[in-house]
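Enquirer: Quick one: structure below, then a few questions.
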Amino acid sequence: MKSEQNPKITESPSRYHDLEKLSTLEIIRNINEEDQQVAIAVSKVLPDIQQMVDCILPRFERGGRLFYIGAGTSGRLGILDASEIPPTYGLPHDRVIGLIAGGDGAIRKSVEFAEDDPGQARKDLEEFEIDRNDALVGIAASGSTPYVIGGLEYAKKIGAFTGGITNNPNSVLASVADVTAEVVVGPEFVTGSTRMKSGTAQKMVLNMISTTLMIKIGRVKGNKMVNMQLNNEKLVRRGVKFIMEELSVGPEQAQALLDKYGSVKEALVHRTDP
């Protein structure tokens, strides 16, 4: 049975009652039904995501960095997205950086009240000497997390670009950030559990931002990750396959090129070398 929605969207009651009385299939079917609404909600803010990327891009091309800042699930999602850039696109770890309230220890274990300290965000950003060439994207389902708001206010003060991802409309975050994607996914299946639909929406937006940015700066050729780090056998095999497809050569020649140049991109660039 469904209940009425509360205007405080991320904290509003679940549309389902007595979850503990549902069968396993009923629970997962209802979660799946709710999750299907996430992509629709994200589609409604594509112009905001586009604007965010287009503002970040020139800064990044000038050597600026992209920072994500969040607390709890939001912070972990930012760190996840940032940590996947070096192996996937071959960029140094200091180009896309994720910050979480409570520091690295909060990645695995919750740090009590860390998200309530707006001043700590400034200290965390100062350690990286953030400046006007950088961009900071704040992630907060509620749109009001003090740590995130404090970070955005500091970044904006020094002239950095500020973006935001939230799951509530008309939020404090939106009033501070230069551009905000307000992905309104509705009440969570478990009331207030924003690691669910809200977190899924945040990850989708982060994927869009970072992937588009990497394509725009030339870290992808055609549809292939030609700059990926070849740090396991699976990725080496993928690299060989990419070279075979791009150059129409056999596996032995592709492997020889990969061994010689150390990356798919370099192998393609030097394909005409003797």
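What follows draws every value from the coordinates through simple rules; no lab data is involved. The structure presented is a predicted model; accordingly, all values stated were derived computationally and were not measured. No Cβ is skipped: glycine too gets one built from the backbone with ideal geometry, and neighbour counts run over all protein chains shown.
Enquirer: Residue by residue through region 186-195, which ³J(HN,Hα) values in whole Hz follow from phi under the Karplus form 6.51 cos²θ - 1.76 cosθ + 1.60 (θ = phi - 60°), with glycine and proline marked x?
Expert: Values per residue, Gly and Pro as x: x, x, 7, 4, 9, 3, x, 7, 6, 6 Hz.
Enquirer: Say each of residue 18 and residue 36 gets a label point 7 Å from the Cα, pointing the same way as Cα to Cβ; how far apart are those two points in nm?
Expert: It works out to 2.5 nm between the two label points.
Enquirer: Right, another one. May I ask you to compute the full-extension gain from residue 223 to residue 11, defined as 0.36 nm times their residue separation minus their alpha-carbon distance, rounded to one decimal in nm?
Expert: Between residue 223 and residue 11, full extension yields an extra 72.4 nm.
Enquirer: A follow-up question, please. Okay, which of region 24-67 sit inside 16 Å, backbone N to the point 7 Å along the Cα-Cβ direction of residue 191?
Expert: No residue passes the distance filter.
Enquirer: Based on DSSP H runs of at least 4 residues, each adding -39500 (n - 2.57), what is the mean residue ellipticity at 222 nm of the chain after dividing by all its residues, to the nearest 500 deg cm²/dmol?
Expert: Per the formula, -15000 deg cm²/dmol.
Enquirer: Apply the a/c threshold of 1.5 to the C-alpha gyration tensor of region 221-274 and tell me whether it is rounded, prolate or oblate.
Expert: Cα axes put region 221-274 in the rounded bin.
Enquirer: Let me ask something additional. In terms of modelled amide H atoms, which long-range or inter-chain residues lie less than 5 Å from the amide H of residue 189?
Expert: 197
Enquirer: Continuing with the same structure: In which sequence would 81, 116 go, from the one with the fewest C-beta neighbours within 10 Å to the one with the most?
Expert: Least crowded to most crowded, the residues run 116, 81.
Enquirer: Take every DSSP beta bridge whose two residues both sit in the chain, then give the antiparallel share in percent to the nearest 5.
Expert: Beta bridges within the chain, antiparallel portion: roughly 5 percent.
Enquirer: Please order 61, 188, 34 by the number of other Cβ within 10 Å, starting at the fewest.
Expert: 61, 34, 188
Enquirer: Residue 67's amide H: which non-local residues (gap 5+, or another chain) put their own amide H closer than 5 Å, with H modeled 1.01 Å from N in plane and none for Pro or chain starts?
Expert: Under 5 Å from the amide H of residue 67 lie the amide H atoms of 97, 135, 136, 137, each far enough along the sequence or on another chain.
Enquirer: Mind putting together the pair-distance distribution for region 1-124? All Cα pairs, 10 Å bins, whole percent per bin, short to long.
Expert: Going from the shortest bin to the longest, the percentages are 10, 26, 32, 23, 8, 1.
Enquirer: In region 60-125, which trypsin sites (Lys or Arg not before Pro) are in a loop and have at most 13 other Cβ atoms within 10 Å, using DSSP for the loop call?
Expert: 62, 108, 109
Enquirer: Take the Cβ-Cβ distance between residue 111 and residue 248 as r, set R0 to 51 Å, and report the resulting FRET efficiency rounded to the nearest 0.05.
Expert: 0.45
Enquirer: Now for a different question. Grab the other residues whose beta carbon is less than 11 angstrom from that of residue 222, score K and R as +1, D and E as -1, and report the net.
Expert: Combined, the nearby Lys, Arg, Asp and Glu give 0.
Enquirer: Can you pull out the GluC sites (Glu not before Pro) in region 116-145 that DSSP calls coil and that have at most 15 other Cβ atoms within 10 Å?
Expert: 129
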